[in-house]
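The values are calculated or read from the model by the stated rules, or taken from the named source; none is laboratory data. Because the structure is a prediction, the values reported are computed rather than measured. Ideal geometry is used to build each Cβ from the backbone, glycine not excepted, and the neighbour counts take in all protein chains shown. When the accessible area is computed, the model is the full protein with side chains, heavy atoms only, and any ligands, DNA or RNA have been set aside. Shrake-Rupley method; radii C 1.70, N 1.55, O 1.52, S 1.80 Å.
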Amino acid sequence: MPTAVAAQGTRVFDAPDGSYTFSYPLNFALDHEFADGTGDVTGVTASSPTNGDVIVTFLGPRDAGDFKEVSETTRPDITDAFTKAVARLASTTLKSSSMTTMLGRPAVDMIFQNARMPFSKERPQIKRYVFTIASGKAYNFECIYRADKAEQFAPACDLAVSTVRLRDGAAKAKPAAANDGGGAAPPAAGSCTREELNKRSMQVTDITSNMLMKDQSPAMIERLKKAHDAMRAVDERASAAPSAQDCKDIDAIIATLK
């Protein structure tokens with residue numbers, strides 16, 4: 001357990017379906033499926049206007065696809081699969097990939113940098129994925145925080161990874177909402193902000209990441225590429241002042257991935 005976080009005190013997150021637990025810092029709160037604080041609990045968050053988006057989410061179990069084990073030997077292929085799903089846009093790049101441990105098993109710890117607006121190459125957002133396979137099923141943490149806030153919030157990701165435990169019946173657990181095609185609540189007319197559009201775009205990335213881990217066929221890759229190209233077109237059209245139609249168009253893209 002990270003010493004600095006432990007010294008500040010922690011709570012235990014219990015999955016709504018009782019399938020897993022992990023520890024998180026006291027300055028985090030429960031994160032919900034929808035931006036207005038309603039819907040299923042999906043993880044923990046310290047998001048605020050000052051902090052930006054800070055989210056820790058555990059995803060799984062799901063089909064591990066062609067991956068049978070996680071090791072130094074399979075790390076490049078696992079990293080490549082995540083890169084194809086997460087870094088579809090030139091603004092997102094892989095920063096590092098290394099081995100760690102999660103659920104008592106070898107795991108791959110991948111850090112991506114997102115420089116797309118409202119971020120930049122100088123002040124990117126970190127999207128971190130820690131992936132492992134246990135009992136033939138794939139699991140991963142997704143941790144999101146700003147690079148300039150990494151010293152403050154990366155330890156929360158380390159804490160969650162080091163303390164996550166599966167409970168009996170975990171194999172029957174429902175994946176987190178971001179991976180089952182669920183979208184954020186549709187915005188009211190005229191209420192599509194840059195933040196709302198970014199959240200929807202992140203959902204597209206999360207959903208396609210999960211789909212690619214299950215199916216890496218040429219047909220699936222082409223399908224996901226079309227979704228990302230459509231998302232990028234909406235994002236470029238919206239620029240800094242998105243309209244309600246922009247959010248609806250991203251919602252439509254999410255619907256095609258269900």
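Brief remarks follow.
- Taking amide H positions as modeled 1.01 Å from N, with prolines and chain starts lacking one, the residues under 5 Å from residue 35 and 5 or more places away or on another chain are 185.
- Inter-label distance for residue 36 and residue 165, nm, one decimal - labels placed 7 Å from Cα along Cα-to-Cβ: 3.8 nm
- Accessible area expressed per residue, segment 194-257, with surrounding protein chains retained (probe 1.4 Å, Å²): 43 Å²
- Relative to the 2.2 N^0.38 Å rule of thumb, segment 194-257 has a C-alpha radius of gyration ratio of 1.11.
- Amide H contacts of residue 13: 22, 23, 24, each under 5 Å away and 5 or more positions distant or on a separate chain (H built 1.01 Å from N in the peptide plane; Pro and chain starts excluded).
- As a fraction of the 1.4 Å probe accessible area of segment 14-109, surface on carbon and sulfur atoms comes out at 49 percent.
- The chain - Debye-derived log10 I(q)/I(0), Cα point model, q = 0.08, 0.10, 0.16 Å⁻¹: -0.29, -0.46, -1.30
- Per-residue Karplus couplings for segment 46-59, computed as 6.51 cos²θ - 1.76 cosθ + 1.60 with θ equal to phi - 60°, are listed in order as 10, 5, 6, x, 7, 7, x, 6, 9, 9, 10, 9, 9, 10 Hz, Gly and Pro entered as x.
- In range of the label at residue 152: residues from segment 49-90 whose backbone nitrogen is under 12 Å from the point 7 Å along Cα→Cβ: 49-54
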